[in-house]
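Working notes for the structure below.
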Amino acid sequence: MKIKEPVNALTHFAMFLAGLVGLGLLVWRGWGTVSGVMVAAIFGLSIVLLYGASTLYHWLRTTPKKELILRKLDHISIYVLIAGTYTPILYYGLEGRWRWVLLGTIWTLAIVGAILKIWLVSLPRAVTAGFYLGLGWMAVIPLKQLVQTLPKSAIALMLAGGIAYTLGAIIYATKIFNFAPKRFGFHEVFHIFVGLGTVLHFLMVFLFIL
């Protein structure tokens, strides 16, 4: 079967395979406490889901109806990854009620966004990117507390990953860097920045949080 979007599909398939390995490493790192394993698994599974869904959507040539389902799953998984990434940051970076309020808020907004995507999958690119960025940068709300609790290296990687995702979202929304449409255009560049953001956040969690 001919791949629908080769660069997008293959890069995210590689990230999917790396995500499976990363999931195992994260769970190993969090081993010793139930909470550690759960937090590690949530983050790791969110990575696997996103890159698995993206691989299917960009790889398979199928009917318009099935393609729409795959597109919705692809978009929904972005909300899951955002909330999944927040989980170790907020769980280990905050304490008491503030931890659970923010975790509950992030996951609630992610679930609402995912549900809306079922019906509003064709929103303008700028609106979609804005929703993702708004949810992603809510980390600035507890930033003062996170800086006091987490290692400086974790904060640096958190911000670097956020910047990578943000640059990717801007490229996605504006279609800049459209070097060779249908071969290596803005969408492929967007995927590279998304992958970079994921790698940076994985290193943050694996090396400095768990």
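Would you tally the residues in segment 155-181 being over 12 Å from Trp137 (Cβ atoms) and either of a type in the set (Gly, Ala, Ser) or not in a helix (DSSP H, G or I) (or both)? Don't jump to the end; show me each part of the working.
Just the residues of segment 155-181 that are over 12 Å from Trp137 (Cβ atoms), to begin with: 155-157, 160, 164, 167-168, 170-181.
This time we only want the ones that are either of a type in the set (Gly, Ala, Ser) or not in a helix (DSSP H, G or I) (or both), so: 156, 160, 164, 168, 173, 175-181.
Looking only at that region, the number is 12.
Look at segment 115-128 and say how many of its residues are assigned to a loop (DSSP other than H, G, I, E, B) and of a type in the set (S, T, N, Q). Spell out the reasoning first.
Going residue by residue through segment 115-128, those that are assigned to a loop (DSSP other than H, G, I, E, B) are 120-124.
Now narrow it down to the ones that are of a type in the set (S, T, N, Q): 122.
Total satisfying the criteria: 1.
Quick one: would you say Ile82 is closer than 25 Å to Leu123 by Cα, over 15 Å from the mean Cα position of the chain (by Cα) and assigned to a helix (DSSP H, G or I)?
Considered against the rule, which asks whether it is closer than 25 Å to Leu123 by Cα, over 15 Å from the mean Cα position of the chain (by Cα) and assigned to a helix (DSSP H, G or I), Ile82 comes out as no.
Can you tell which of Ala160, Ala126, Ala180, Ala156 is farther than 25 Å from Val48 by Cβ, of a type in the set (A, V, I, L, M, F, W, C) and touching a residue at least 40 places away in the same chain (Cβ under 8 Å)?
Numbers: Ala160 fails: farther than 25 Å from Val48 by Cβ; Ala180 fails: touching a residue at least 40 places away in the same chain (Cβ under 8 Å); Ala156 fails: touching a residue at least 40 places away in the same chain (Cβ under 8 Å).
Only one candidate passes the filter, namely Ala126.
Can you tell me how many residues in segment 48-60 are touching a Ser or Thr at 6+ places or on another chain (Cβ under 6 Å) and buried (at least 21 other Cβ atoms within 10 Å of the Cβ)?
The total comes to 2.
Going by what's in this entry, would Arg71 be described as touching a residue at least 12 places away in the same chain (Cβ under 8 Å) and surrounded by fewer than 16 Cβ atoms within 10 Å (Cβ to Cβ)?
No.
With the requirement that a residue be under 15 Å from the mean Cα position of the chain (by Cα) and not in a helix (DSSP H, G or I), what does segment 129-146 give you?
The answer is none; no residue qualifies.
Quick note: the coordinates plus some simple rules give every number you see, no bench work behind them. Quick caveat, the model's predicted, so the values are computed rather than measured. Cβ sites come from the backbone with ideal geometry, for glycine too, and all protein chains shown count toward neighbours.
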